[in-house]
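Have a look at the structure below, then the notes.
The values are calculated or read from the model by the stated rules, or taken from the named source; none is laboratory data. Here the structure is a predicted model, which is why all the values come from computation and not from measurement. Here Cβ is always computed from backbone atoms with ideal geometry, including for glycine, and neighbour counts include all displayed protein chains.
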């Protein structure tokens, strides 16, 4: 598969992995609420009890410790040096909730990297930032030696129906299709599992 490279009408973005050097930008993007209700993008990585107990500062510290240890939990998008987007992408086994999910249990025994969250600043939504983030995630996975990127998209019943951002943090199926993903399985009507196979 190939990435759709036609971004002539989209904002010019740059992308950087989340590291100690970009941590301040991550905090700036997520703000005091930690993106959504103190999540700090730890929901997929923790048991529900641990996540709920850690909402807010504990979740922030948890992902900060991950970054400080040398792990890269995702990538940031920048526009004119301002952080405007985030994509959580890591090997599937790092996401505890995927392993325990009925809908998103493994498709097969192949090693995959998973995109579990897309967060875009409210000033930059609905202009194609998500698709560019997904494509940047593909490049990141390739750089890390991965060969399959998997996503757990949200697909409304009709294309005209809008999904509130708080319910679309996995990313819309249309954004993944624009980036070259294909559906491989659907165990729930509105939640296709999609993949991009890196050449």
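Candidates 32, 93: the one that is assigned to a helix (DSSP H, G or I) and exposed (fewer than 15 other Cβ atoms within 10 Å of the Cβ) is 93.
What residue, among those in region 1-26 that are surrounded by 12 or more Cβ atoms within 10 Å (Cβ to Cβ) and over 25 Å from residue 199 (Cβ atoms), is modelled with the lowest pLDDT? Among residues in region 1-26 that are surrounded by 12 or more Cβ atoms within 10 Å (Cβ to Cβ) and over 25 Å from residue 199 (Cβ atoms), the one modelled with the lowest pLDDT is 11.
For every residue, the table says whether it meets (1) free of Cβ contacts under 8 Å to residues at least 40 places away in the same chain; (2) surrounded by 22 or more Cβ atoms within 10 Å (Cβ to Cβ); (3) within 12 Å of the chain's Cα centre (by Cα).
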site	(1), (2), (3)
79	no, no, no
113	yes, yes, yes
118	no, yes, yes
148	no, no, no
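Tell me, please, whether a residue that is within 18 Å of residue 132 (Cα to Cα) and touching a residue at least 60 places away in the same chain (Cβ under 8 Å) can be found in region 21-39. The answer is yes; a qualifying residue exists.
Please work out if residue 185 is at pLDDT 95 or above and more than 12 Å from the chain's Cα centre (by Cα). Against the criterion (at pLDDT 95 or above and more than 12 Å from the chain's Cα centre (by Cα)), residue 185 qualifies.
Of all the numbered requirements in (1) part of a helix (DSSP H, G or I); (2) modelled with pLDDT under 95; (3) surrounded by 14 or more Cβ atoms within 10 Å (Cβ to Cβ), residue 141 misses one, and that requirement is (2).
Checked against (1) part of a loop (DSSP other than H, G, I, E, B); (2) within 21 Å of residue 27 (Cβ to Cβ), residue 108 passes all but a single condition, namely (2). Go through the residues of region 45-66 one by one and say whether even a single one is closer than 20 Å to residue 130 by Cβ, within 14 Å of the chain's Cα centre (by Cα), touching a residue at least 12 places away in the same chain (Cβ under 8 Å) and surrounded by 12 or more Cβ atoms within 10 Å (Cβ to Cβ). For region 45-66, residues closer than 20 Å to residue 130 by Cβ, within 14 Å of the chain's Cα centre (by Cα), touching a residue at least 12 places away in the same chain (Cβ under 8 Å) and surrounded by 12 or more Cβ atoms within 10 Å (Cβ to Cβ): absent. The residue that is surrounded by the fewest Cβ atoms within 10 Å (Cβ to Cβ), among those in region 120-133 that are more than 17 Å from residue 25 (Cβ to Cβ) and free of Cβ contacts under 8 Å to residues at least 60 places away in the same chain, is 126.
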